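What follows is one structure encoded as structure tokens, with my remarks underneath.
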Amino acid sequence: MTILFDEQQQFFHLSNSTMSYIIGIEKEKYITHLYFGQRLESYHKVNQLPYIDRGFATNPINEERNFSLNALPLETSTQGSLDFRISNYQFRNNTGGRVTNFIYDHYEILDEKPTLSGLPSVRGENEQTQTLEIYLVDHQQQLEMVLRYTIYETLDILTRSVEYRNHGTQAIYLENAGSMMLDFPRSDYDFITLYGAHTNEANIARQPLHPGIQKIESVRGTSSPQHQPFLALADSQATEDSGVVYGFHLIYSGNFVAQAEVEQYGSTRVQLGINPETFEWKLEASTAFQSPEAVLNFSNRGFNQLSQNFHTLYQTHLVPTQWSQTERPILLNSWEGNYFDFTQETIIQQATLAKELGIELFVLDDGWFGERNDDTTSLGDWSVDKNKLPDGIDHLATTIQEMGLQFGLWFEPEMISEKSDLYKKHPEWSLQVSGYPQTQGRQQLVLDLSRRDVQDYLIQVFDTYLSSGKITYIKWDMNRHLTEVGSFGLAHDQQKEVSHRYVLGLYRILATVTTRYPQVLFENCSSGGGRFDPGMMAYMPQTWTSDNSDAICRSKIQYGYSLLYPPVMLGAHISEVPNHQIGRETPLETRFLIAMSGNFGYELSLERQTKEDLAAIKEQIAFYKTHRKLIQFGSFYRLKPFDEQASTAWLFVNDTDALLIYSHGLARPAQTVEYLKTTYLDEEALYKETQTGNIYSGSELNHAGLLIPRIKGDFKGFSLHFTKLS
Ligand code: GLA
């Protein structure tokens, strides 16, 4: 891995063993994008950028009519002048002026990856990294922009962010503070995003780029289940196993924008960052603003390789280090089995049965605090409901621990119910705009996390519950989006900062609590995958993937999320049939196949299960424990696309084992004969299938494939486990 600067030809070449990224300096002033893709052994800038006298072009040098920034591939936009494409930043000064003129000043190369102030980012530790800092200056207003690029030695990953600095004597307003931008010379790519809704997250959208802007965004205050802060550009022929794919992912949990613009001459601009629609920042003199970090991922072996790059990066360089390789417990969550209806006695009974079956963690979900018998009250009043739990949480946790189970608890810390003592005491602590009613969602309001006093209050709530060490798991929920985004704690000209300050406040709480209690496993949740993004993953290594626990819907949702996140990050539970969200009945075996393909648990009433089902559950748990390491930390590959009949197949592989999961979906007539190619087994090795004892060569399974048995009936599936023999 190196970052080279060619003094004579004025370009930077960032490269590792598979990837190159090249940045030029044009006319000693302007930063251009020259190349991103497969590694180039060396670069000689043979292809000069085309200087063409274009109609409607504007020219920074009057006499040079063939030199226009609007027609060159850039690494950052210009503002109010010269470049008319999507912009990556925007300043406004106190005279209303919105023009700047940033030009190249100098560069620095660091042998490390700096952290970002107040924001989560991927780490550079245990890996060689180098960082290029390009300094651009606007001399008129004494502004500075630092473009940061980090390249990893062994990962086909580059990270980018921008720091905006005000060296002047007056405050200036930052209206847009994008994280990255670059111009590809072509536009014959497919544009890929993940979209969805509550209970229907992470659908893959793929369509060819077309002239104009294709954009996804959130203005909901969180990254949202509607769109993941991610886009990819892929060769139109790219498949799971082949073709070039570029992935861009923003490490941010609030309002974002991710967009691609195909412009008049057929090039494509990609831009990601905080959504400027709900953002502004008063940049005081002598202060700086740090943008969130964007991850740039390059694969020349299709989507599975893209996923491998993301999975490795997030698992080893993003989630808290102590969870990176730590096996996760099999849990029983109380929600779908009880909802709000439980007592100390029933919980202890359930935990006793869970222990007998081999479950390792009991999670008490919503309903344990205040007067919370439905979802209309008590958020904010984090003291135990003595009617349900007369001896308190500590006692319950101790009792459950003494049984040999861990104990976990649900919180929705960012919320406040109008019917709560906290609201009576601190109405000013909720987000609001003077003179306008506060809109409720799920009959709750949102706490103003931009306020330091609110942040401190929440940190203290967690101190109360976690300092005894009895609670080893927290489910951190967040079940509505932000409205009336205003704060009583900020000046008038800073009200547009609230959305971003909310996210910064959240990160401060999370950083404090997760550092103070490193042994506690935090699970991220926002009605399922409503705020499933790399920003949250920096603090919480797993997410409740979706409130939809139907196995067939889940196989699609988990399939979509697996593009970006490894299975260990995807909370997946076996729930009752008929399924509570959509009413479908699926066999217990299929529910197991899909749930065990994630971070496995149960969410049903064990007492209501038949004896046979309980016996099967006991076996499932034993099976999962045997293969947990492979599933949680092996490599995960999608073997076929999710099809209309909802059939899918995927594979877990490590150095010694492989596990194939096949889910058949709907029964169909005149079934075709299917040979499923495993593609990712060791070509040189022999594999023994555990149940039949059949021996296969890796190359045979990879290329000739495995004959899929005929399956009758809807929603059936199977798994096959292979041991590597040599
Ligand atoms: C959200 C979560 C669920 C459950 C409920 C409790 O919907 O996603 O898993 O915790 O809240 O109210």
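With axes computed from alpha carbons, what is the tilt in degrees of helix 551-561 against the longest principal axis of the chain, rounded to the nearest 10 within 0 to 90?
Orientation of helix 551-561: about 30 degrees from the principal axis.
Hey, what number do you get for the chain at 222 nm if only DSSP H runs of n ≥ 4 count, each worth -39500 (n - 2.57), divided across all residues, to the nearest 500?
Numbers: 11 runs with 130 residues, N = 726.
It lands at -5500 deg cm²/dmol.
Classify region 44-127 as rounded, prolate or oblate, taking a ≥ b ≥ c as the square roots of the eigenvalues of its Cα gyration tensor: rounded when a/c is under 1.5, otherwise prolate if a/b is larger than b/c and oblate if not.
Note, shape of region 44-127 comes out oblate.
Tell me the net charge near residue 317. Cut-off is 14 Å between Cβ atoms, residue 317 excluded, with +1 for each Lys or Arg and -1 for each Asp or Glu.
Summing Lys and Arg as +1 and Asp and Glu as -1 gives -4.
Quote the accessible area belonging to residue 348 in square angstrom, nearest 10, computed with a 1.4 Å probe and with ligands, DNA and RNA left uncounted.
Approximately 40 Å² for this residue.
Could you pull out every residue, at least 5 positions away or on a different chain, whose amide H is within less than 5 Å of the one on residue 32? Hs are placed 1.01 Å off N in the peptide plane, and Pro or chain starts have none.
24, 25, 26, 75
Projecting each Cα onto the charge dipole of the chain (Lys/Arg +1, Asp/Glu -1 at the beta carbon, about the Cα centre), which of 719, 11, 396 comes out farthest on the positive side?
Final value for the positive-end residue is 719.
Need the full-extension length gain, residue 725 to residue 48, defined as separation in residues times 0.36 nm minus the C-alpha distance. One decimal, nm.
Extra length available between residue 725 and residue 48 comes to 238.3 nm.
Pairs 355/556; 556/677; 419/496; 386/611; 388/475; 629/724: which are spaced more than 23 Å apart, C-alpha to C-alpha?
Cα-Cα > 23 Å for 355/556; 419/496; 386/611; rest within.
Starting from the Cα of residue 640, draw a straight line to each of the aspartates and glutamates and keep only those under 12 Å, dropping any in the same chain fewer than 8 residues away.
240, 241, 674
Can you compute the charge dipole magnitude of the chain about its Cα centre, using +1 on each Lys and Arg Cβ and -1 on each Asp and Glu Cβ, nothing else charged? Give it in debye, rounded to the nearest 20. Each step should come with its number before you reach the end.
Details: 59 positive and 89 negative charges, 134 e Å.
Dipole size: approximately 640 debye.
Could you compute the net charge surrounding residue 268? Neighbours are other residues with a C-beta less than 15 Å from the C-beta of residue 268; K and R count +1, D and E count -1.
Local net charge: -4.
How far apart, in nm, are two points set 7 Å out from the Cα along the Cα-to-Cβ line at residue 61 and at residue 626?
It is 7.3 nm.
Mind putting a number on the dipole of region 648-724 about its Cα centre? Charges go on the C-beta only, +1 for Lys and Arg and -1 for Asp and Glu, and I need it in Debye to the nearest 20.
Rounded to the nearest 20 debye, it is 460 debye.
By its C-alpha gyration tensor, with a ≥ b ≥ c as the square roots of the eigenvalues, how is the chain shaped: rounded for a/c under 1.5, else prolate for a/b larger than b/c, else oblate? Could you put the intermediate results ahead of the total?
Working: a/c = 2.13, a/b = 1.27, b/c = 1.68.
In terms of gyration-tensor shape, oblate.
Between the helical axis of 302-317 and the dominant principal axis of the chain, each derived from Cα atoms, what acute angle in degrees is found, rounded to the nearest 10?
80
Between residue 391 and residue 341, how many nm apart are label points set 7 Å from Cα along the C-beta direction?
About 2.5 nm separates the two model spin labels.
List the aspartates and glutamates whose Cα lies under 13 Å from the Cα of residue 424, skipping any in the same chain that are fewer than 8 positions away.
The reachable aspartates and glutamates, counting only those whose Cα sits under 13 Å from residue 424, are 381.
Show me the chymotrypsin sites (Phe, Trp or Tyr not before Pro) within region 28-66 that DSSP assigns to loop and that have at most 14 other Cβ atoms within 10 Å of their Cβ.
When the chymotrypsin sites (Phe, Trp or Tyr not before Pro) of region 28-66 are filtered for loop state and at most 14 Cβ neighbours within 10 Å, 51, 56 remain.
Compute the angle between helix 392-402 and the longest alpha-carbon principal axis of the chain, please, reported from 0 to 90 degrees and rounded to the nearest 10.
70
Report residue 577's accessible area, 1.4 Å probe, all protein chains in place, as a number in Å² to the nearest 10.
50
Relative contact order of the chain: what whole-number percent is it, with Cα pairs under 8 angstrom and at least 6 residues apart?
Working: 1766 pairs, mean separation 70.7, N = 726.
Dividing the mean separation by the residue count of the chain yields 10 percent.
Mind checking which lysines have their C-alpha under 22 Å from residue 27, skipping anything on the same chain fewer than 8 residues away?
Within the straight-line cut-off, residue 27 pairs with 45.
The values are calculated or read from the model by the stated rules, or taken from the named source; none is laboratory data. In this text, all values refer to a predicted model and were calculated from it rather than measured experimentally. No Cβ is skipped: glycine too gets one built from the backbone with ideal geometry, and neighbour counts run over all protein chains shown. Note: areas computed on protein heavy atoms with side chains; ligands, DNA, RNA excluded. Shrake-Rupley method; radii C 1.70, N 1.55, O 1.52, S 1.80 Å.
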